[in-house]
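Single-structure report; data block below.
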Amino acid sequence: MSITYPDKRVERTQQALREALLKLMANKPLSKIHISEITEAAGVSRGSFYTHYEKKDDLLDELSEAMLDEMTSAFRKPYEALGTVDLRSLPPESIVLFNHFLENKAFYQLMLGTTTNNFFKEKMTNQLHHLFRTDYAFYFRQIDAEIDLELFCTYRIHGMIGLIVEWIQKGFDKPASCMAEQLLHIFRFHTESVMIRH
């Protein structure tokens, strides 16, 4: 049986088109960008574009899916070879999710920025929902038995997303290592009481 390998020229062309689109979207919305601008910025012909994509939305979709695949790998890294994760002893350096966001800073700042529509944020949220619900098995002995497990997962997921989005929108104001440490501290923390400000 013969093994087929991806054509390096095709990969280079697609990568050039993705990078060109990202640069152009930093200055104007997708609806205002013409395919000729993308191909010119990428240094490829219009024919090359249409060999791989029908429309510019397809290119953005491919770019988004590739980034979400990378995010998924980074999310799973701390537990990919484990059956159980003890949050009390999990080393912060094993959480590489924030490194992924930092390494792809331009993409996430653009796609999760305050001026961009929410289609990517929705995709990212859905993917994190999926990961939490399919990869993690929370036990009622670990949490209050009266807590609805579905609501518990929703709370955790949206808390994490809020943390990530705010960090990105603040221009990655803290190191990735600090964010990993803080996430662990937050996950381990149990609130017994709160003080009321008067």
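The values are calculated or read from the model by the stated rules, or taken from the named source; none is laboratory data. Bear in mind the structure is a predicted one, so any value in this text is a computation, not a measurement. Cβ: placed from backbone, ideal geometry, glycine included. Neighbour counts: every protein chain shown. Areas reflect the complete protein model, heavy atoms only, side chains present, ligands, DNA and RNA absent. Shrake-Rupley method; radii C 1.70, N 1.55, O 1.52, S 1.80 Å.
In this structure, does THR13 turn out to be open to solvent by less than 60 Å² (accessible area, probe 1.4 Å), in a helix (DSSP H, G or I), β-branched (Val, Ile, Thr) and at pLDDT 90 or above? In short, no. Within the stretch 175-188, residues that are among the hydrophobic types (A, V, I, L, M, F, W, C) reach partners that are assigned to a helix (DSSP H, G or I) and open to solvent by 80 Å² or more (accessible area, probe 1.4 Å) with beta carbons closer than 8 Å, at six or more positions or on different chains, in the pairs ALA180/GLU93.
Restricting to the stretch 70-92, and then to whatever is in a helix (DSSP H, G or I), buried (at least 16 other Cβ atoms within 10 Å of the Cβ) and not small (Gly, Ala, Ser), can you tell me which residue is modelled with the lowest pLDDT?
Taking the stretch 70-92 first, the residues in a helix (DSSP H, G or I) are 70-79, 92.
Next cut, buried (at least 16 other Cβ atoms within 10 Å of the Cβ) only: 71-72, 74-75, 78, 92.
With the extra rule that they be not small (Gly, Ala, Ser), the set shrinks to 71-72, 75, 78, 92.
Working: MET71: 93, THR72: 93, PHE75: 88, PRO78: 79, PRO92: 82.
Filtering first and then ranking leaves PRO78.
Among the residues of the stretch 100-127, those that are open to solvent by less than 20 Å² (accessible area, probe 1.4 Å), at pLDDT 85 or above and among the hydrophobic types (A, V, I, L, M, F, W, C) comprise PHE101, PHE107, MET111, PHE120, MET124.
Just one of the listed residues (ILE35, ILE95) is modelled with pLDDT of 85 or more, farther than 25 Å from PHE189 by Cα and β-branched (Val, Ile, Thr), namely ILE35.
Would you confirm whether any residue within the stretch 148-157 is in a loop (DSSP other than H, G, I, E, B), more than 15 Å from HIS100 (Cα to Cα) and either modelled with pLDDT under 75 or within 17 Å of the chain's Cα centre (by Cα) (or both)? Walk me through it before giving the result.
Narrowing the stretch 148-157 to residues in a loop (DSSP other than H, G, I, E, B): 148.
Subset that is more than 15 Å from HIS100 (Cα to Cα): 148.
From what is left, the residues that are either modelled with pLDDT under 75 or within 17 Å of the chain's Cα centre (by Cα) (or both) are none.
Scanning the stretch 148-157, I find no residue that is in a loop (DSSP other than H, G, I, E, B), more than 15 Å from HIS100 (Cα to Cα) and either modelled with pLDDT under 75 or within 17 Å of the chain's Cα centre (by Cα) (or both), so the answer is no.
For every residue, the table says whether it meets (1) hydroxyl-bearing (Ser, Thr, Tyr); (2) open to solvent by less than 20 Å² (accessible area, probe 1.4 Å); (3) closer than 28 Å to GLN169 by Cα; (4) assigned to a loop (DSSP other than H, G, I, E, B).
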| position | (1), (2), (3), (4) |
| --- | --- |
| LYS28 | no, no, yes, yes |
| ASP57 | no, no, yes, no |
| GLU62 | no, no, yes, no |
| PHE98 | no, yes, yes, no |
